[in-house]
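Asks: Sharing a structure, written as C-alpha cells. Questions coming.
Only the coordinates and a few stated rules stand behind these numbers; no lab work does. Because the structure is a prediction, the values reported are computed rather than measured. Here the Cβ is made from the backbone with ideal geometry for all residues, glycine too, and neighbour counts use every protein chain on show.
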Amino acid sequence: MPETQTSTPLLPRERLIRYGAAALEDAELLAIMLRTGTASTPVLSLARQLLREFGGLRQLLAADRDALAAVSGLGPAKSCQLVATMELAKRSCAETLQDGNVMQQPEAVTRYCAAHLAHLRVEHCIALYLDNRLRLLACHTLARGTTNQASVYIAEIVRSALAHHASAMILAHNHPSGSLTPSPEDITLTQQAKAALALVNIRLVDHLIIAGHASCSLAELGHC
C-alpha cells in the first residue's frame, strides 16, 4: 500500500524492501549500512550529518579510517565498515577489468579510475597496467601534486610499466576543478609517454581525465 501523509514513515530498510535500493536517497542507504545511531542521534540523522561534514558520499567513502573514527557517533566499528565498503567497490571494479579487455568496457574503466581519483582535492596521476589481452594487472599512483598540477616524469612511466611486466597501460589523472578539458601539458604528456613506451614495445591505450564520475578520453580526441 502506498505511503500517505498520515501513515508512519517507512524506515530506510523498509523502503529498500518495498521500492528497491535505487529509490533511496544517499542518507537512507548510508543509514542502512550504519545500522544504529547514538543515544542522542537517530541513524538517519547521523547519516545526513556525515554527508554534510564530508561534503558528500564520494568524499565520505574515500575518507581514511582515522578521519572517520574521529567523528562523534562513528567509532572504530562503523568507520571500519565505511572503509571496507569503499575497498569492496574498488575491488569489484578491478575484477571486471581483470576478467576482460578494457577497451570493451570503457564505463567500467571510468568507474574504476573515479573510485581512485574523483574524491581527491589535489591532482593525482595513476597508471593501469595491462597484459597482452588488455586485462588489468595492477594500478599504481605515479604522482601527487597540487590543485591544478601533478608532475609526472616520462622515465617513471616507462620504468613502472616495465616493473609491472605490462604490455599496455592507461594513464589517468583527476581535475579537482571539475573541468574535463585537457590542458596543453596533458596533451604533451600523453604524446611523450606514447612515444617513450613504444620504444620498449608497450602500448599507451588511453589517457583519461577524471572529474567527478565523468571522464575525458585523450585517445578519443586523437592524442593516443
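Asks: Specify which residue in the list THR38, LEU61, THR85 is farthest towards the positive end of the charge dipole of the chain, using unit charges on the beta carbon of Lys, Arg (+1) and Asp, Glu (-1), about the Cα centre.
Replies: Result: THR38.
Asks: Related question: Counting each DSSP H run of 4 or more residues in the chain as -39500 (n - 2.57), what helix-only mean residue ellipticity at 222 nm follows after dividing by all residues, to the nearest 500 deg cm²/dmol? Write down the numbers at each step before the final one.
Replies: Numbers: 9 runs with 102 residues, N = 224.
Only helices count here, giving -14000 deg cm²/dmol.
Asks: I would also like to ask the following. Can you compute the charge dipole magnitude of the range 73-174 about its Cα centre, using +1 on each Lys and Arg Cβ and -1 on each Asp and Glu Cβ, nothing else charged? Give it in debye, rounded to the nearest 20. Each step should come with its number before you reach the end.
Replies: Numbers: 9 positive and 7 negative charges, 36 e Å.
Using only the charged Cβ atoms, the result is roughly 180 debye.
Asks: Hey, another quick one. I need the helices of the chain that pass two filters: whole DSSP H segments spanning 20 Å or more by Cα along the axis, and mean Kyte-Doolittle score no lower than -1.0. Before the final figure, lay out the partial values.
Replies: On the way: long enough: 75-99 (36 Å, -0.20); 184-198 (21 Å, -0.11).
For the chain, where a helix must reach 20 Å along its axis and average at least -1.0, the hits are 75-99, 184-198.
Asks: A follow-up question, please. I'm spelling it out carefully: the read-out is Cα extents along the principal axes in Å, the candidates are [x] 69, 35, 30; [y] 66, 34, 28; [z] 72, 49, 31, and one was derived from this structure. Which label?
Replies: The listed entry that was calculated here is [x].
Asks: Would you mind working out the magnitude of the charge dipole of the chain relative to its Cα centre, with +1 at each Lys and Arg C-beta and -1 at each Asp and Glu C-beta, to the nearest 20 Debye? Spell out each step's value before the answer.
Replies: Numbers: 19 positive and 19 negative charges, 69 e Å.
It works out to roughly 340 debye.
Asks: Further question on the same structure: Positive end of the dipole of the range 100-217, charges at C-beta (+1 Lys, Arg; -1 Asp, Glu), about the Cα centre: which of GLN192, ALA108, ALA214 has its Cα farthest in that direction?
Replies: ALA108
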